[in-house]
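Read the structure below first, then the notes.
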Amino acid sequence: MPIIKMTDLDLHNQRVLIREDFNVPLKNGEVVDDARIRACLPTIQYALQNKARLMVMSHLGSPRRRCLR
């Protein structure tokens, strides 16, 4: 079964949900390394350039740690 890529789809006026891993290292509330954020920009820009109705979803930190507090 072939893998369908975003570039294979007609995104015009389509809702597109992108789940990104924005779990970036923080120090004193400041982002130390933004490489993960910069790495996802081409995907987000591609969707926007093709007139997609874009939603980006992520989380910060480990869900397991929040549940134990």
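Structure data summary
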item	result
Full-stretch length increase - M6, L41 - with 0.36 nm per residue and alpha-carbon distance subtracted	11.2 nm
Label-point separation, H59 to N13 (7 Å along Cα→Cβ), nm	3.5 nm
The chain - accessible surface per residue (Å², probe 1.4 Å)	87 Å²
Selected from N13, N28, N50 as most flexible by GNM, with the chain as the system and alpha-carbon contacts under 10 Å	N28
Within the chain: Cβ-based charge dipole about Cα centre, in debye rounded to nearest 20 (Lys, Arg +1; Asp, Glu -1)	360 debye
Rg in Å to one decimal, and Dmax rounded to a whole Å, for the chain via C-alpha atoms	15.4, 46
Tilt relative to the chain, helix 35-49 - C-alpha long axis, 0 to 90 degrees, to 10	30 degrees
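The values are calculated or read from the model by the stated rules, or taken from the named source; none is laboratory data. No experiment lies behind these values; they were computed from the predicted model shown. Cβ atoms come from the backbone with ideal geometry, glycine included; neighbour counts cover every protein chain shown. Only protein heavy atoms, including side chains, enter the accessible area calculation; ligands, DNA and RNA are left aside. Shrake-Rupley method; radii C 1.70, N 1.55, O 1.52, S 1.80 Å.
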